[in-house]
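Reviewing the structure listed below.
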Amino acid sequence: MKTTHSPKTSHQAALSTSDSWWNRQKLGTKATLLAIALGTLPVFATGTLAFLATSPAIKKQAIDLQESNVSKASQFVNRYMFERYGDIQIISNLPIFANRKVSSITTQAEKKAILEKYIRIYGVYDSIALLDLNGDSLVHSDGKNFQITRVASISKKF
């Protein structure tokens, strides 16, 4: 009696190929491959789990640091602007600028000298100008970077 063999499917062929490769390996090769797999797979798994566990914490820490830096910068800018506003209040309320009688008897040179003295003592400004509501200069110092046309054009935009 003659037996017929059914043709192998591609899945069966693949299994027999992989079985034959493993079966053809020497015991030392199999032991080495298993030792490498047993040594590296736990390390890989531990590293993956550690990454997944710490990644959100590191991301939160980075966001917290950025928020802290933004808060510090905001506080610095607010403090700086508060100080400049205080300077504006002090200068604009000096009697030679705020009081019409005192202002009318004070010369431009005397007013300019007051601004120059303020620049020299305070040490923050290169120049100071007092402008009217139209942006025109009432008095200004002899500062390094002072351009009255630039200041006037900016004030007219507001």
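The values are calculated or read from the model by the stated rules, or taken from the named source; none is laboratory data. The shown structure was predicted, so the numbers you read here are calculated from the model rather than taken from an experiment. Glycine also receives a Cβ, built like all others from the backbone with ideal geometry; neighbour counts cover every protein chain displayed.
In the range 91-103, what residues are under 40 Å from the mean Cα position of the chain (by Cα) and surrounded by 11 or more Cβ atoms within 10 Å (Cβ to Cβ)?
Hit for the range 91-103 is Ile91, nothing else.
If you check Ala14 against the conditions, is it at pLDDT below 90 and surrounded by 11 or more Cβ atoms within 10 Å (Cβ to Cβ)?
Against the criterion (at pLDDT below 90 and surrounded by 11 or more Cβ atoms within 10 Å (Cβ to Cβ)), Ala14 qualifies.
If I filter the range 78-132 down to residues being among the acidic types (Asp, Glu) and at pLDDT 90 or above, which single residue comes out as nearest to Asp142 (Cα to Cα)?
Across the range 78-132, the extreme among qualifying residues is Glu116.
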